[in-house]
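A.B. asks: Here it is: the structure, laid out below.
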Amino acid sequence: MPKLTDEQQAHRRTHILDAAERCFSSHGFHRSTMQMICREAGISAGALYLYFSSKEALIEGLTERDREQIMARFAEAGGSQDFMQMIEAMLRTCILAQPTHKARLCIEIGAEATRNPAIAASMLRFDQSIRGSLLQLLRQAVATGRIAPVAPLDDVVLALALIGDGLFWRRAVDPDHDGERALPHVLAMVAALVRPVAPDSDLFNQPAFQTTGIAS
């Protein structure tokens, strides 16, 4: 058989990860077998094991792919002059616009990480990368005078990570969850943490922000 080009191999790898993502989100980590993933991808076991040696390796591939996509969006957002617009765009792109099965997969990986050291390590690397990038964005915003945080930046990053996690989990478990309805209130909480300086929007006129009790 002719050797696959780098582009063809990358396409095959993506195809396998897509199939694994569908299986894990629909059936869970333990009920999904490598054979099931082969059937979903329409490939042989030999072709699958050529790219991924185990389900843990597939989870590593999925978390790495998501990490790269989010890091790319962080890089694009870094040049925004309006910090709150940047946060809103990130929340829409990275959470609200994601399909529900991605939220379910996040829960599945988190649950498995509590008992599987390999998956816990994958999740930790993902979390550290995302929080590190968010910390860098906050530092840039402070340095350019766009925000005046009410707490140490590490604490602000932790709070923002918890907000993001909560939004993802709510999407996964509540079929009636309305992310668009919640978004203005979430943004008000973020604004209370970072205190945008001279915002261009009317965010400070929102009641949820005015009643935070945060000193200006």
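A.B. asks: Order these peptides, 171-177, 122-128, by their mean beta-carbon neighbour count within 10 angstrom, highest first. Kindly include the intermediate steps, with their values, before the conclusion.
C.D. replies: Working: 171-177: 12.6, 122-128: 16.1.
Per-residue Cβ counts within 10 Å, averaged per peptide and sorted highest first, yield 122-128, 171-177.
A.B. asks: First select every other residue whose beta carbon is under 9 angstrom from the beta carbon of ALA161; then total the charges, Lys and Arg +1, Asp and Glu -1.
C.D. replies: Numbers: positive: ARG131; negative: ASP127, ASP165.
Spelling it out: positives minus negatives among the neighbours equals -1.
A.B. asks: Name the residues of region 152-189 whose amide N is less than 19 Å from a point 7 angstrom out from the Cα of VAL197 along the C-beta direction?
C.D. replies: Once the point is set 7 Å along Cα→Cβ of VAL197, 152-154, 156-157 turn out to lie under 19 Å by backbone N, inside region 152-189.
A.B. asks: Also: Return, ordered by residue number, the residues of region 139-164 whose backbone nitrogen is under 17 Å from a label point located 7 Å along Cα→Cβ of ARG73.
C.D. replies: 160-164
A.B. asks: Would you grab the residues whose amide H sits under 5 Å from the one on ILE147? Only those 5+ places off in sequence or on another chain, please, with H modelled 1.01 Å from N.
C.D. replies: The list, which skips near neighbours in sequence, is VAL142, VAL197.
A.B. asks: Something else: Could you work out how far apart the two model spin labels at HIS101 and SER53 are, taking each label as a point 7 Å from the Cα in the direction of the beta carbon, and quote it in nm?
C.D. replies: Placing both labels 7 Å along Cα→Cβ, they lie 2.8 nm apart.
A.B. asks: Take every Cα pair under 8 Å in the chain that's 6+ residues apart, average their separations, divide by the length, and report that relative contact order as a whole percent. The partial results should precede the final answer.
C.D. replies: Values: 174 pairs, mean separation 43.4, N = 216.
It rounds to 20 percent for the chain.
A.B. asks: A follow-up question, please. Determine the sum of side-chain charges near ALA172: Lys and Arg each +1, Asp and Glu each -1, restricted to other residues whose C-beta is under 13 angstrom from that of ALA172.
C.D. replies: Working: positive: LYS102, ARG104, ARG170, ARG171; negative: GLU108, ASP165, ASP174, ASP176.
Combined, the nearby Lys, Arg, Asp and Glu give 0.
A.B. asks: If you don't mind, another one. Just from the alpha-carbon atoms, what are the Rg and Dmax of region 42-116 in angstroms?
C.D. replies: Answer for region 42-116, Rg first and Dmax second: 16.1, 50 Å.
A.B. asks: Quantify, in whole percent, the carbon and sulfur part of the accessible surface of region 1-94 (1.4 Å probe; protein heavy atoms only).
C.D. replies: Details: 2730 of 5290 Å².
The nonpolar share, carbon plus sulfur, comes to 52 percent.
A.B. asks: Tell me the volume per residue, in Å³, of the convex hull enclosing the alpha carbons of region 80-122.
C.D. replies: On the way: hull volume 3.6 nm³, N = 43.
Considering the Cα atoms of region 80-122, their hull volume per residue is 84 Å³.
A.B. asks: Any chance you could list the semi-axes, whole Å, largest first, of the equivalent ellipsoid that the Cα gyration tensor gives for region 1-49, using √(5λ)? Can you show the working numbers first?
C.D. replies: Details: eigenvalues 100, 25, 8 Å².
Its equivalent ellipsoid spans semi-axes of 22, 11, 6 Å.
A.B. asks: Could you work out how far helix 153-173 tilts from the main Cα principal axis of the chain, as a 0 to 90 degree angle to the nearest 10?
C.D. replies: That helix lies at roughly 60 degrees to the long axis.
A.B. asks: On to the next question. Can you tell me the Rg and the Dmax, both Å, for the Cα atoms in the chain?
C.D. replies: Here Rg and the maximum Cα pair distance are 19.9, 69 Å.
A.B. asks: Still on this model: Residues with beta-carbon under 12 Å from that of THR33, excluding THR33: net charge, scoring Lys, Arg +1 and Asp, Glu -1?
C.D. replies: On the way: positive: ARG31, ARG39, LYS55; negative: GLU40.
Every neighbour counted, the sum reads +2.
A.B. asks: Another question about this same structure. Can you give me the angle between helix 6-27 and the longest principal axis of the chain, using Cα atoms only, in degrees from 0 to 90, rounded to the nearest 10?
C.D. replies: 80 degrees
A.B. asks: At 7 Å along the Cα-to-beta-carbon direction for both SER44 and ARG139, put a label point, then send me their distance in nm to one decimal.
C.D. replies: So the two model labels end up 5.0 nm from each other.
A.B. asks: Less than 17 Å from a label point 7 Å out along the Cα-to-Cβ axis of ARG181: which backbone N atoms in region 89-104 qualify, by residue?
C.D. replies: Zone members listed by number: 96.
A.B. asks: Can you give the accessible area per residue of the chain, in Å², using a 1.4 Å probe? The partial results should precede the final answer.
C.D. replies: Values: 11990 Å² over 216 residues.
Result: 56 Å² per residue.
A.B. asks: While we're looking at this one, here's another question. Where does helix 55-77 land angle-wise versus the long Cα axis of the chain, in degrees 0 to 90, nearest 10?
C.D. replies: Roughly 30 degrees, rounded to the nearest 10.
A.B. asks: Using a/c under 1.5 as the rounded threshold, could you call region 82-161 rounded, prolate or oblate? The axes a ≥ b ≥ c are square roots of the C-alpha gyration tensor eigenvalues, and prolate needs a/b larger than b/c, oblate otherwise. Numbers along the way, then the final one.
C.D. replies: On the way: a/c = 3.10, a/b = 1.64, b/c = 1.89.
Note, shape of region 82-161 comes out oblate.
The values are calculated or read from the model by the stated rules, or taken from the named source; none is laboratory data. If you're wondering where the values come from, they're calculated on a predicted model, not measured in any experiment. Ideal geometry is used to build each Cβ from the backbone, glycine not excepted, and the neighbour counts take in all protein chains shown. Each accessible area value is taken on the protein alone, full model and side chains, heavy atoms only, with ligands, DNA and RNA left out. Shrake-Rupley method; radii C 1.70, N 1.55, O 1.52, S 1.80 Å.
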